[in-house]
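The values are calculated or read from the model by the stated rules, or taken from the named source; none is laboratory data. Quantities reported herein were computed from a predicted structural model and do not represent experimental measurements. Every residue, glycine among them, receives a Cβ derived from its backbone with ideal geometry; neighbour counts consider all protein chains shown. In case anyone asks, the SASA skips ligands and DNA or RNA and just uses the protein heavy atoms, side chains included. Shrake-Rupley method; radii C 1.70, N 1.55, O 1.52, S 1.80 Å.
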Amino acid sequence: MSREIILYIATSVDGFIAKENDDLQWLEEAEVEGDAGYSDMYQAIDTIIMGKRTFDYVIEHTETFPYPDKKCYVFSSTLRGKNEHVEFVNEDVVAFSKKLREQEGSKIWMVGGADILDAFMKEQLIDELIITITPHLLGTGIPLFKNKNPYQDLKLVNTQCYGQMVQMHYMVMKEA
């Protein structure tokens, strides 16, 4: 049995996950009711994957590390080893993640960023997509999905409104 990889992410109506300079202020100022399903998703995982730019943003914008009770891998070409919260990985993200999927454990959350998501989409490694649409049109920025991803069928599991935000929860339909 292979562990599932979840994409839980917010995007603007026009499909951007950040402004070009990695600015997420627009997202942080958005009005939301509750936690937009975050706590339910977070309880279902035991492992987190993210890129170095995402890690840097998290460290810069939080007072305490937000995932202290999860195994956290950060993909970096410059940092090595581990600290009290994360292990830095200098391997190919796809190869490492395929091995990680075969280990014992719960679901894996692919936090970001865009390059890791693109590699996962091209290799069809995402099993579940929880995408929250925010009430913004950014016009430009870092797109949620890059070009030339393979065709995949999705099954809508749930939709939910959280104030001005709408969340869509999909499972990826795997071929038998």
Item to check | Two-site label geometry, residue 60 and residue 95: point separation in nm, points 7 Å out along Cα→Cβ | outcome: 3.1 nm
Item to check | Highest-first arrangement of 21-28, 72-79, where packing means the average Cβ count within 10 Å | outcome: 72-79, 21-28
Checklist entry - Remind me, relative contact order of the chain in percent, using alpha carbon pairs under 8 angstrom and six or more residues apart? => result 36 percent
Next on the checklist: Could you derive backbone 3J(HN,Hα) for the stretch 72-83 from the dihedral phi with the Karplus parameters 6.51, -1.76 and 1.60 (θ = phi - 60°), listing whole Hz in sequence and x where the residue is Gly or Pro?
Outcome noted: 10, 10, 10, 8, 8, 9, 10, 8, 10, x, 8, 10
Checklist entry - If one computes the Cα centroid of the stretch 21-68 and of the stretch 77-124, what distance in Å separates the two points? => result 16 Å
Item to check | Translational D in µm²/s for the chain (Stokes-Einstein at 20 °C, 1.002 mPa s, Kirkwood Rh from C-alpha pairs) | outcome: 127 µm²/s
Next on the checklist: Which of the three applies to the stretch 6-80, rounded, prolate or oblate, going by the alpha-carbon gyration tensor with a ≥ b ≥ c and a/c under 1.5 meaning rounded?
Outcome noted: oblate
Checklist outcome for this item: Under the Karplus relation with 6.51, -1.76 and 1.60 and θ = phi - 60°, whole-Hz ³J(HN,Hα) for the stretch 123-133, x at Gly and Pro, equal 9, 6, 9, 7, 9, 9, 10, 10, 10, 9, 8
Item to check | 1.4 Å probe accessible area per residue over the stretch 119-176, in Å² | outcome: 61 Å²
Checklist outcome for this item: Taking protein heavy atoms only, a 1.4 Å probe, and rounding to whole percent, the accessible area of the chain owed to carbon and sulfur comes out at 50 percent
